[in-house]
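Every number here is computed from the coordinates shown, using simple stated rules; none is lab data. Keep in mind the model is a prediction, meaning the values are calculated, not measured. Reconstructed Cβ throughout: ideal geometry from the backbone, glycine too, with neighbour counts over all protein chains shown.
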Amino acid sequence: MAAAAAPPGPPRSRRRSRRFPNPLFARWLREWRDEAAGTAARGVYERALRSLSRFPLPLRSGRAAAILKHFGPALCRRLDERLRRHRAGGRGQGWLGGV
């Protein structure tokens, strides 16, 4: 007699990958947020960081971040400037997720 098939278990939920697509931008935003402690600017960086954490695709420039909520022209310029200095320091010319 053949063994009966085991009853199916609970459905497996699909887990979303926890790999963060923009670690460099997030690190800089956290630095700036911490430097702005006690000022109104802290909230600006906090909201931008939250918006960035919800965006699933990698961003290649600060200008590209302008599509996100809470990323104004000044913040995008600051990201671009920091990225330019980062690349000039020889710490990566490739994809931002790996540098």
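Observations on the model:
- Search result, residues across the range 34-65 that are surrounded by 15 or more Cβ atoms within 10 Å (Cβ to Cβ) and aliphatic (A, V, I, L, M): 36, 44, 48, 49, 52, 59, 64, 65
- Residue in the range 18-30 that is touching a residue at least 60 places away in the same chain (Cβ under 8 Å), among the polar types (S, T, N, Q) and closer than 21 Å to residue 81 by Cβ present: yes
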